[in-house]
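First comes the structure, then the notes that go with it.
The values are calculated or read from the model by the stated rules, or taken from the named source; none is laboratory data. Everything numeric in this text was worked out from a predicted model, so none of it was measured. Reconstructed Cβ throughout: ideal geometry from the backbone, glycine too, with neighbour counts over all protein chains shown. Please note that ligands, DNA and RNA were not included when accessible areas were found on the heavy atoms of the full protein model with its side chains. Shrake-Rupley method; radii C 1.70, N 1.55, O 1.52, S 1.80 Å.
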Amino acid sequence: IYFMPSNKTTPRTTPLLVVSASAVAAASFFVLSFFRRKSRAISTRPSRDAVINGGYQSLIGDTPLLYLPHISSLLPNKVKIYVKMECMNPGGTGKDRAARSMILCAEEKGELPPPYNASMNANTADRAIAIPRHISNTAVNNHSNIPDDIHAAIVTALENTKTHGILIEGTSGSTGISLASLACTRGHGIIVAMPDDQSNQKKEFLEKLGCGVVVVKNCSISNPGHYVNVARRIWEWLNVERRYDDYYWTSVVKCDAGGNTSNDRKNSSPPKLIRAAFMNQFENLANVTSHYRSTGPEIYSQLDGNVDAFVMSAGTGGTLVGVGAYLKERWFESTQQKQRMTSQSPPRIILVDPPGSSLFNKIKFGVAYASQQSEQKLRRHRYDTLAEGIGLDRITANFALGCEMISWEKKAFAKRLNEASNEQNYQQ
C-alpha cells in the first residue's frame, strides 16, 4: 500500500475516512469512514450516469455501501469501514459501468451500429442498410494466414451479431464478461483476447455468452503477441483490411428467407456491412468518465460528502482516477470549504498494488519502473500474486489523467477530461 502521510496534524473534530479497495473476486470497493454524526442514512439517489431505462443496462450502478462493524472495531479513532458493493452490478463487477460507457460512446460515434431492435428480423435489418452493388474491393478477402483459433473466434462473433457490429477487446476477463453481457442485450457480436494466466472459469463464462475467445501467452505490452495488441490486430483485419466482408456476406448474411444471394449480387464485391469497434479499455477515456460521472457521485452522496480516503488497486486506472477526481473536486467545491480547510485535509486517494508495481514508483518517484523490469531479471510472469488484472507495468491514458492533475478547483478535472477526450477523438 502506498499512502502519503498528510503534513497536517490538526485533529479532526468530526473525522471521516473513506478507503476503497478493489476486491478481486467480488470486484467491490472497501470504504472506511468516520461520521460527523453517530448515525447517517445512506442515500440511494439515482446516479446521473443512468442513461438507459429498462433491461440489463438499467441494473448497472446505484450499488449500496455495506458497513463492516467488526473490521471497523479493530481500528483506532472510531473509524468506520464500508465496502462499495460493485459485485451487485448485473455482471458481478464494477466493469459493467465502464463497459456500458464505452459501448454507448462507440454507438454514438458510429463505430458500432445502433442496438438491435427485436421487432426487426435479420432480413429487415439487412434491407434497411444501403448496400452498394459495385464496391471496389482492394482488401484481402481470404483468411488463410490467420491462426485457426483467431479465425474461429471471429466466425463466432460474426454468426452471433444481429447488427453487423462487432466489439473487440483485450482483457484479463472481467471487462470482457461485462462487454459480452451488454453485447448480448444490444445485439452485437464480441471477440475477446485474454492472457493465459487467467482462470478457466472466465474463458468458459465468456464462451457461454456467445463470445469468440482468443487465449494468448502473457507477455509485455511491447510484444506483438500481447493480448491487447492481438485484439487491435483483429480489429484491423475486420475494419481496416476488410478480410471478412466476403465470408460474412456469403456465409452468414441471408438476403432472403431461403438464405440464397440474389443473382445481381453474386458477381459483385461484398458489401461492407461489418462495423467493428476496438474498445481499448486501457486508453479509452470513456472508462474513467463512467466512474467520474457515476461511481464517484454515488459514494459522495451515500456518505454526504464526508470522505477522508478512497483505496483500491488499479488495472486500467479508470475507477481509481475517476472516483478520486470527483471526490477531490467536490471537496474543493464544497460550500463549507473554508471551515474544512482549517480542520480536514482533502480526500486521500490510495493505490494498492502487488510487489514490483511500476505504478508505485510512478506515484512516489515519478518514474514507472520496477526492479523486476531489468533485462537480466525479466520474466514472462513478472508479478507473483493471486490477484488478477492488477500490477500493470505501464501508465495508461486513464491513469495518466490522475497523475498529471495538480489543481482540483473549478471543475479542473472535468475540463481536462473533456480536452483529452476531444484529442483522442481527433487522433482517431
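Numerical summary
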| quantity | calculated |
| --- | --- |
| Residue order for TYR248, TYR116 - accessible surface, 1.4 angstrom probe, largest first | TYR116, TYR248 |
| Cβ-Cβ FRET estimate between ASP196 and LYS78, R0 fixed at 45 Å, reported to 0.05 | 0.45 |
| Separation of the GLN424 and ASN117 label points, Cα + 7 Å toward Cβ, nm | 3.1 nm |
| Simple label model, 7 Å out from Cα along Cβ direction - ALA152 to LEU68, nm | 4.1 nm |
| Solvent-accessible area of CYS105 with every protein chain in place, 1.4 Å probe, in Å² to the nearest 10 | 40 Å² |
| Cα→Cβ-extended label distance, 7 Å offset, between GLU204 and ALA412, nm | 5.0 nm |
| Length gained when the stretch GLU159-TYR56 is fully extended (0.36 nm per residue, less Cα-Cα span) | 34.9 nm |
| Amide H within-cut-off set for VAL214, under 5 Å, with H built and near neighbours excluded | VAL192, ALA193, MET194 |
| Residue-level accessible surface for TYR300, protein heavy atoms, 1.4 Å, Å² | 30 Å² |
